[in-house]
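Notes follow once the structure below has been shown.
The values are calculated or read from the model by the stated rules, or taken from the named source; none is laboratory data. Fair warning: this is a prediction, and the values are worked out from it, not measured in the lab. So basically every Cβ, Gly included, is an ideal-geometry build from the backbone, and we count neighbours across all protein chains shown. All accessible areas refer to the heavy atoms of the entire protein, side chains included, with ligands and DNA or RNA removed. Shrake-Rupley method; radii C 1.70, N 1.55, O 1.52, S 1.80 Å.
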Amino acid sequence: TAKNAGRNRFSYFTAALQKASQKRSQLINDLRDALSTKQFVLHYQPIIKLANGAIQKAEVLLRWCHPKRGWISPAEFIPLAEESGIIIEIGNWVFREAVQEVKFLRATGHPEFQISINKSPIQFCSHSLFFQEWLPYLKQLDLPAECLIIEITEKLLLEMGEIGTSKLLALRDAGIQIAIDDFGTGYFSLSYFKKFDINFLKIDQSFVQNSVDCLNDMVLCEAIITLAHKLGLKVIAEGVETIEQHKLLSAAGCDYGQGHFFSQPVTADILRRM
Ligand code: C2E
Ligand code: MG
Ligand code: MG
Ligand code: MG
């Protein structure tokens, strides 16, 4: 009967929901072990200066090799790490690894190299003490704060309370640079330009990828670049995949590009060789 069919469908959905939630809590448990058993790896995606093709910076992208499930995308596990608070420990590990890499690159012929790190909102919350550890750590390695760029999304700026804001401003005062990630997709307020002394805008890949076929998106890219330059900021285009996109962005005066056209995210070894 229809009633029975309805009930069956209902129990099917409950079972599916239960399974999904079990999978989530299992993954959160696995995340707790992942750091101590060295399941995380950092990949680095070169950021290219469009004017001369030089690799001057790299974005750090976290990779998780799960013992049973293989590689899991950060899009899947970062939200779980945020929700469970584990992101704070992971974030500190990412920072230390990445800083050691930039130390190596600066010591081996690239004295101006910068490394760009992604940050989640929760990493700016009250019980995260990273800002007290970061600057001494850089000092210990004899690195200037300028070797580091922090990437934050527009959403993060919006959600960041007073404590988070003051932490970010303290890092900026110390010389660490700030990039707005996925620019154009969120809720950026022009007042942030005054509040946070931002160094870079990263144009979201959706605009970059449509720029060739869609006049509006190309005009948007150009407008972002013009606005940024008038305010003294540099622009990084994300997700550059084709030579046409590269040419358009160069012609529009974009400063840096990042994407599969130049290089996928690669291991530290490969980055060093590049
Ligand atoms: P994101 O910061 O916007 O990073 C750019 C994403 O675009 C990366 O995905 C990168 O692999 C991908 N990408 C690069 N070039 C191209 C291209 O030409 N075409 C296309 N279609 N994609 C390209 P990934 O590595 O999967 O990272 C996803 C997101 O996870 C990142 O977005 C970032 O928000 C977050 N994430 C990664 N590592 C960390 C981390 O260490 N900490 C935190 N809090 N978040 C992280
Ligand atoms: Mg990023
Ligand atoms: Mg991005
Ligand atoms: Mg993104």
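The figures follow:
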item: Residue count, the range 256-269 (criterion: open to solvent by 70 Å² or more (accessible area, probe 1.4 Å) and away from ligand 3 (no atom under 16 Å from the Cβ)); result: 1
item: Yes/no for residue 38 being outside any strand (DSSP E or B), modelled with pLDDT under 95 and not hydroxyl-bearing (Ser, Thr, Tyr); result: yes
item: Residue match in the range 101-114 (condition: touching a residue at least 40 places away in the same chain (Cβ under 8 Å) and part of a strand (DSSP E or B)); result: yes
item: Cβ pairs under 7 Å, 6+ apart, first in the range 199-216 and under 20 Å from residue 115 (Cα atoms), second assigned to a helix (DSSP H, G or I) and more than 10 Å from ligand 3 (Cβ to nearest atom); result: 201/224; 201/228; 203/221; 203/224
item: Failed item in (1) surrounded by fewer than 16 Cβ atoms within 10 Å (Cβ to Cβ); (2) out of contact with any Lys or Arg (no Cβ under 6 Å at 6 or more places or on another chain), with residue 180 passing the rest; result: (1)
item: Any chance residue 132 is away from ligand 3 (no atom under 16 Å from the Cβ) and not in a helix (DSSP H, G or I); result: no
item: Selected residue (criterion: surrounded by the fewest Cβ atoms within 10 Å (Cβ to Cβ)) from residues of the range 29-86 that are under 15 Å from residue 97 (Cβ atoms) and of a type in the set (Val, Ile, Thr); result: 41
item: Some residue of the range 140-150 being within 16 Å of ligand 2 (Cβ to nearest atom) and in a helix (DSSP H, G or I); result: no
item: Scan of the range 239-255 for residues that are open to solvent by 20 Å² or more (accessible area, probe 1.4 Å) and in contact (Cβ under 8 Å) with a residue 40 or more places away in the chain, ordered by number; result: 246, 250, 255
item: Test result for residue 46, part of a strand (DSSP E or B) and either within 19 Å of residue 152 (Cα to Cα) or in contact with a strand residue (DSSP E or B) (Cβ under 9 Å, 6 or more places away or on another chain) (or both); result: yes
item: Matching residues in the range 151-166 - criterion: being acidic (Asp, Glu), assigned to a helix (DSSP H, G or I) and open to solvent by less than 40 Å² (accessible area, probe 1.4 Å); result: 154
item: Qualifying residues in the range 183-205 (those that are open to solvent by 50 Å² or more (accessible area, probe 1.4 Å) and within 16 Å of ligand 2 (Cβ to nearest atom)) - the one farthest from residue 252 (Cα to Cα); result: 185
item: Residue 243 being away from ligand 1 (no atom under 12 Å from the Cβ) and in contact with a strand residue (DSSP E or B) (Cβ under 6 Å, 6 or more places away or on another chain); result: no
